[in-house]
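The values are calculated or read from the model by the stated rules, or taken from the named source; none is laboratory data. These numbers come from a predicted model, not from an experiment. Methodologically, a virtual Cβ is constructed for each residue, glycine included, from the backbone with ideal geometry; neighbour enumeration extends over all protein chains shown.
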Amino acid sequence: MDRDRLLKLFFELVQIYSPTGKEGGVADYITTYISGLSNVSIMIDDAGESFGGECGNLIVTFSVNNDAHAPLALLSHMDTAQPCHGIIPKIDDDGRIYSQSDTVLGADDKAGVAMMLLLLSEVEKRPQDFGNIEFVFTVGEEKNLLGSKALDISRLRAKYGLVLDSNGPIGSMITSAPYAVNLKLKLKGRPAHAGIEPEKGISALTIAAKGVLKAPLGRLSPITTSNFGRIAGGHATNIVMEEVEIEGEARSLEKAELDRTVGEIKASFRDAADQMGGVAHIQVEESFPGYQISEDTPLVKLMSRVISDHGLAPSCRSSGGGSDASILNSRGIPCLNLGVAFHNPHSKDEYIMLEDISILYDILRDVIQII
Ligand SMILES: [Zn+2]
């Protein structure tokens, strides 16, 4: 494979500023790249409009198709976590790629984008050897998967999908990911002058505190977690707090266990509010759907075989997080999220090894020929 080309593409991509909602520069880069290829068409949807972004998801397909193969979608996302302005990529003698500036590297997920662009060139050279591959570049992944949520799945022919966006090692596949909900609680008490007649007040903060102490929080089981991560309320030190808002989340690999946990959290706050004479308003919204894919699925078997052929150990794993794979799975396209071996993603210590993405590229090139 052409490592220098992969590295060049990656370096150029990470230098394009593209936080969530500002993926236009990357979309232009991809569009320009594709304009140099033949028999390729590009469709841009209006997913960006759903969250005020600059552009939509890009779906790139070939007009020359080989119907002997199952249609497959490859996905990566164009947005990067912050801070991502002025990324200066460097590679050291060991092939470790990092950002010299005070930013993330953006390997999550520009490594996936770079691999897909190089694969596009490979397919263009001899389309008859490859399956019907749909290359999908999404927006808004880092903002609760908003891009893939707005993706019109009916535009895809894919029977399977591979998402290039897990921080696991090369050879790992995310075969199960959690169901997740966001929790918004508004706890209402009654205000009173804290120095003159505190007896007349009901402290919303005390309701919240009692609820938090009783609610199941943290690591609840090997497959279930919950957390409150934001709190806001109160006006002045001399007023018994009238209202407090707390926001949190719960996740589980099992939908039933998630529902039970959410029920217990709600009951904890309702009990606390009842006890104090206050009110608890509780809003629960799906954050993203979960999925479980059997290790017997043909796609998992095929991936495992090709990974082994490249001298690596295939592994099926569960994730604590969502990805574009969560959305495709929920819409009926079985989809794996593959380990791209990002190290310390979403931090200024992020790095990736050229060796790792080169091997993954080779694995993908083989998989899309076989499927
Ligand atoms: Zn990512």
Inset, instruction - Consider only pairs whose beta carbons are under 8 Å apart and that are at least six residues apart or on different chains; among these, list those whose first residue lies in the stretch 95-109 and is free of Cβ contacts under 8 Å to residues at least 40 places away in the same chain and whose second residue is more than 10 Å from the ligand (Cβ to nearest atom). - result: Gln100/Ile88; Gln100/Pro89; Gln100/Lys90; Ser101/Gly86; Ser101/Ile87; Ser101/Ile88
Inset, instruction - Report whether or not Glu122 is assigned by TED's automatic domain parsing to the domain that holds Phe51, in a helix (DSSP H, G or I) and on the phi < 0 side of the Ramachandran plot. - result: yes
Inset, instruction - Please go through the stretch 144-169 and pick out each residue that is surrounded by fewer than 23 Cβ atoms within 10 Å (Cβ to Cβ) and either outside the structural domain of Met303 (by TED's automatic domain parsing) or β-branched (Val, Ile, Thr) (or both). - result: Ile153
Legend entry - Matching option when the condition is farther than 17 Å from Met116 by Cβ and crowded, with 17+ Cβ neighbours inside 10 Å, among Tyr351, Tyr361: Tyr351
Inset, instruction - List every residue pair whose Cβ atoms lie under 9 Å apart, where the two residues are 6 or more positions apart in sequence or sit on different chains, the first residue falls within the stretch 315-332 and is more than 13 Å from Glu142 (Cα to Cα), and the second residue, located anywhere, is of a type in the set (Lys, Arg) and away from the ligand (no atom under 13 Å from the Cβ). - result: Gly320/Arg251; Ile327/Lys149
Legend entry - Among residues of the stretch 274-287, those that are in contact with a Leu (Cβ under 6 Å, 6 or more places away or on another chain) and either modelled with pLDDT under 95 or small (Gly, Ala, Ser) (or both), counted: 1
Inset, instruction - Check the stretch 69-91 and report whether any residue there is within 22 Å of the chain's Cα centre (by Cα), surrounded by 18 or more Cβ atoms within 10 Å (Cβ to Cβ) and of a type in the set (S, T, N, Q). - result: yes
Inset, instruction - Specify the residue that is nearest to the ligand (Cβ to nearest atom); the eligible residues are those in the stretch 82-96 that are under 23 Å from Lys22 (Cβ atoms) and in contact with a helix residue (DSSP H, G or I) (Cβ under 7 Å, 6 or more places away or on another chain). - result: Ile87
Inset, instruction - Could you tell me whether the stretch 53-64 includes any residue that is more than 20 Å from the chain's Cα centre (by Cα), modelled with pLDDT of 95 or more, away from the ligand (no atom under 16 Å from the Cβ) and in the same structural domain as Gln100 (by TED's automatic domain parsing)? - result: yes
Inset, instruction - Would you be able to tell me the number of residues in the stretch 16-56 that are within 13 Å of Val113 (Cα to Cα) and part of a loop (DSSP other than H, G, I, E, B)? - result: 3
Inset, instruction - Determine whether the stretch 315-328 contains at least one residue that is of a type in the set (D, E, K, R) and more than 15 Å from Ser176 (Cα to Cα). - result: no
Inset, instruction - Residues that are under 20 Å from Ala158 (Cβ atoms): find the strands (runs of 3 or more DSSP E) completely inside the stretch 303-371 holding 2 or more of those. - result: 335-339
Legend entry - Pick from the stretch 165-181, criterion within 15 Å of the ligand (Cβ to nearest atom) and aliphatic (A, V, I, L, M), ranking: farthest from Arg305 (Cα to Cα): Ala177
Legend entry - In the stretch 95-119, the residues that are part of a loop (DSSP other than H, G, I, E, B) and over 11 Å from Ile352 (Cα atoms): Gln100, Ser101, Asp102, Thr103, Val104
Legend entry - Odd one out for Glu141, checked against (1) closer than 24 Å to Gly25 by Cα; (2) surrounded by fewer than 23 Cβ atoms within 10 Å (Cβ to Cβ); (3) among the charged types (D, E, K, R): (2)
Legend entry - Among the candidates Leu162, Leu74, Leu118, residue that is touching a Cys at 6+ places or on another chain (Cβ under 9 Å) and away from the ligand (no atom under 12 Å from the Cβ): Leu162
Inset, instruction - Output the residue which, of all residues in the stretch 193-216 that are of a type in the set (A, V, I, L, M) and in a loop (DSSP other than H, G, I, E, B), is nearest to the chain's Cα centre (by Cα). - result: Ala215
